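Since the structure comes first, as structure tokens, the remarks are kept for the end.
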């Protein structure tokens, strides 16, 4: 196009104004930026949620000639407002990795042989059926993922619970979110956060409980930083066991001793009461007090069983219990000064400050994870700072559909798409929608994740199908579960996109379609359901996990229960699934709406076509009793529970033989077990291997220098890693940190498989190790 | 023949309405930010008289909270007035 002078002047004038706006408002995006010369013409842009973490950023994927060529942030997504993190921008680069699984592989005489998908699926169905015939239905299991799409999780649940009739269905979200679920259920009677990311725009104070948000939820953290930059009254407090990038960006960093968070939370509550900062009216109207069992164990032994028992208490009893947690009394236990605890309490207690508490794995992967979740709710309930814009506790998730699939569809042993297997009404509803006999759905849960792999090791589970997850890198104590999975007693099927240490032990490997090679839905941390369309073809014979499950179900004789079409199965499944959540409390948006928007937060309000941004507050949530200001309708009495939960020590603490605490976690460049991000060259080159962070004084004492190879040894196993001193993170003295993404340096050979007795979520953050120079 | 560009701030919650009004206003081209409540406005008028008439129209738009002139060109004088506050409806 020829540009005349006038046109040029207009373009120049517009460019000047846009540059001026960019200087005033960093991060501002105009349509012309999106359509700029960054990208060649002829690219089709399609919306989707990001494949990686639970933040659920909206992405636009650019496709040209059938290939994904670029990714950018979706400016229409209220989650990320056009921003992405380094993983988000590069995500599609893993698709074309040279070792992509494109054909089914069947192990024959110890070697993998390429097999047609038809034949492989025949074999999987035959083995599953044969195992049930010979050993009973509880001898087969499925282990799925918080990365499975909603339709994938739904058909897995329908196959196992509705068709076969076993509760042997679990998912890897047990390893990351189960304590959050148990916390929500015990306090509010209903799962998932009451607030949403818009809380960030309203809050004055962000208290991060063991949450390295700068690396794990970077786009949300940038929203916090943006608020602090543009408003004078915003502060960020990092409460952690290790100094991280989050600590460095925070206004105040408070370090505590591992497991000390239990005592800190109780001490804050002590201060709130002692200083008269309790919102008495809120507490009287909306809260009851209870206590549960104490000295509840750690699940270290096989077949560990625990059931909590709630007993009502009154405010005075609760207040008396808190006497043990006076700030000066817990200084030694927590490593936090009484002054800092009082400071934290003053932030929560100040009626003029809006406070959001964020947490993720630090609180959830904890042998008292459910208790920790309860205790932070206690703080918000005592102050009435909950279910309002800018005020609330906010549990973040680590996987893109830990909420949407694992928690909402319910791919746990105890769950159904609505409710739990132990509830007769919930089983009846599932049986009705699934069109199966009611008594086919068992009323007792079987194996949670850790126990499921113990059962494989014991030889009780003789067939397991693993989809979209890599447990032989992500489970704790893989030093037990890898040999367990290598036993001949269990036939192992693994569906995945890439080879992993878990596919290495499979009898059948099924090639799976990646994210944008299939249509699907994810649900993020703020109850937002997001839909995307298939954008490219999967290579070779790779197919969506949902379609594999359907094909196997049909081969097993359950075809009448899986009448879905290949092209539209994701839509047909979602429409069926949506029936489970009909009603004001959890209404899911219709598919037609989800196709148009960058996600909708449930409960979707049919009358207005809007999301419910704050649950339990009758001003925003039509599911509330309109005669009440707040209605915690998950509980029959409409009240939330303040739980009396004490400090109890970790199961394994440093001693003379193993003098260091081991903490494990993630880095910004890699996502979970690294099976995708290690195949993205730019990310792999940025952090090519794991490492062990040491405090410089500990390193000096041990004679270890930066980069030197050291052994990290526990009672379970050993791994060798290079030392990292004064680099990314700084552990406190007596502690070490190792990221878990690296399958060549398996830190989970070292970790302990202790778990929270209520949620059954393992604690990856605390066990005892020693460090030796090589 | 003045060409001018402005940063336009809508009143709270009125961004979409302001875009619609400006789109219908003669001699105006509007470029909304995708992720912030701000617009870029480029005006293209035939002469000073028409420019003044447009200014009066812009003054009267109730959805507009604040208008900042960023740059201006005319055949008579190639003038640039960086970020001078032109109009404030607040």
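The values are calculated or read from the model by the stated rules, or taken from the named source; none is laboratory data. Given the structure is predicted, the values throughout are model-derived calculations rather than measurements. For neighbour counting, all protein chains shown are included, and Cβ atoms are generated from backbone atoms with ideal geometry for every residue, glycine included.
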field: residue A:414 vs. criteria without any contact (Cβ under 8 Å) to a residue 40 or more places away in the chain and outside the structural domain of residue A:218 (by TED's automatic domain parsing)
entry: no
task: Return a yes/no flag: does the range A:543-555 have any residue that is assigned to a loop (DSSP other than H, G, I, E, B), closer than 25 Å to residue A:143 by Cα and out of contact with any strand residue (DSSP E or B) (no Cβ under 6 Å at 6 or more places or on another chain).
output: yes
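Taking the options A:690, A:732, name whichever one is touching a helix residue (DSSP H, G or I) at 6+ places or on another chain (Cβ under 8 Å) and modelled with pLDDT of 95 or more.
From the options A:690, A:732, the qualifying one is A:690.
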query: From the list A:684, A:672, which one is closer than 30 Å to residue A:304 by Cβ and out of contact with any strand residue (DSSP E or B) (no Cβ under 7 Å at 6 or more places or on another chain)?
result: A:672
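Can residue A:603 be described as within 25 Å of the chain's Cα centre (by Cα) and modelled with pLDDT of 95 or more?
So residue A:603 passes the test.
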query: Out of all the residues in the range A:727-742, is one or more out of contact with any strand residue (DSSP E or B) (no Cβ under 9 Å at 6 or more places or on another chain) and surrounded by 20 or more Cβ atoms within 10 Å (Cβ to Cβ)?
result: yes
task: Grab the strands (runs of 3 or more DSSP E) fully contained in the range A:50-165, keeping just those with 2 or more residues being touching a strand residue (DSSP E or B) at 6+ places or on another chain (Cβ under 8 Å) and within 14 Å of chain B (Cβ to nearest Cβ).
output: A:58-64, A:67-73
- request: Looking at (1) under 25 Å from the mean Cα position of the chain (by Cα); (2) closer than 18 Å to residue A:138 by Cβ; (3) surrounded by fewer than 24 Cβ atoms within 10 Å (Cβ to Cβ), find the lone condition where residue A:412 falls short.
  value: (3)
- prompt: Of all residues in the range B:37-53 being away from chain A (no Cβ under 11 Å) and crowded, with 17+ Cβ neighbours inside 10 Å, which is nearest to residue A:74 (Cα to Cα)?
  reply: B:45
- prompt: Among the residues of the range A:17-27 satisfying the criterion of being facing chain B (nearest Cβ under 8 Å) and at pLDDT below 75, which is surrounded by the most Cβ atoms within 10 Å (Cβ to Cβ)?
  reply: A:20
message: Restricting to the range B:1-36, count the residues that are within 13 Å of residue B:67 (Cα to Cα), touching a helix residue (DSSP H, G or I) at 6+ places or on another chain (Cβ under 6 Å) and within 9 Å of chain A (Cβ to nearest Cβ).
response: 2
- line: Counting only helices (runs of 4 or more DSSP H) wholly inside the range A:213-299, the ones holding at least 3 residues that are in contact (Cβ under 8 Å) with a residue 40 or more places away in the chain are A:213-216, A:218-230, A:261-274, A:280-286
query: Residues in the range A:624-640: is at least one surrounded by 19 or more Cβ atoms within 10 Å (Cβ to Cβ) and under 30 Å from residue A:75 (Cα atoms)?
result: no
- line: Scanning the range A:483-520 residue by residue, the ones that are farther than 17 Å from residue A:549 by Cα and in a strand (DSSP E or B) total 0
The range A:193-212, residues that are surrounded by fewer than 22 Cβ atoms within 10 Å (Cβ to Cβ) and assigned to a loop (DSSP other than H, G, I, E, B): A:198, A:204
query: Which condition number in (1) closer than 27 Å to residue A:197 by Cβ; (2) crowded, with 24+ Cβ neighbours inside 10 Å is the one that residue A:545 fails?
result: (1)
